[in-house]
Amino acid sequence: MADEKTSDAPERITVLARDFTPAAMEFHRRNMSEKGYRMEGQIVQRKFQMIEGLGAPKDLFDGEAFYAVTFVRKGIEK
């Protein structure tokens, strides 16, 4: 049976930060483990793009790269 605290929580949450340290500290700052999450993958800089329909991808955030960290609910497979 699912824990009531986490049953309505999203499976994955991705946080973006301009600097590495705030992204790295977010797991602890928000007590993500207590909320049923673990960190997935590495914290790396990424450029984000959006595709609308069949058009070409367009840069988000004016093409600026951000550090991204994804938290996944424990028990959720890739």
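Every number here is computed from the coordinates shown, using simple stated rules; none is lab data. If you're wondering where the values come from, they're calculated on a predicted model, not measured in any experiment. Note that we place each Cβ from the backbone using ideal geometry, even for glycine, and neighbour counts take in every protein chain shown.
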Open item on the list: Criterion first (of a type outside the set (V, I, T), surrounded by 11 or more Cβ atoms within 10 Å (Cβ to Cβ) and in a loop (DSSP other than H, G, I, E, B)) does G75 satisfy it?
Closed with: yes
Open item on the list: Among the residues of region 18-39, what is the count of those that are surrounded by 13 or more Cβ atoms within 10 Å (Cβ to Cβ) and either in contact with a Lys or Arg (Cβ under 9 Å, 6 or more places away or on another chain) or not in a loop (DSSP other than H, G, I, E, B) (or both)?
Closed with: 13
Open item on the list: Can you tell me which condition G55 does not meet? The list is (1) under 24 Å from E11 (Cβ atoms); (2) in a loop (DSSP other than H, G, I, E, B), and all the others hold.
Closed with: (1)
- [ ] May I ask you to list the residues in region 58-72 that are within 30 Å of N31 (Cα to Cα) and either among the polar types (S, T, N, Q) or assigned to a strand (DSSP E or B) (or both)?
- [x] F66, Y67, A68, V69, T70, F71, V72
Open item on the list: Every residue in region 26-52 that is among the acidic types (D, E), under 15 Å from E11 (Cα atoms) and in contact (Cβ under 8 Å) with a residue 12 or more places away in the chain, please.
Closed with: E40
- [ ] Tally the residues that are surrounded by 14 or more Cβ atoms within 10 Å (Cβ to Cβ) and farther than 14 Å from L16 by Cβ, restricting the search to region 41-52.
- [x] 0
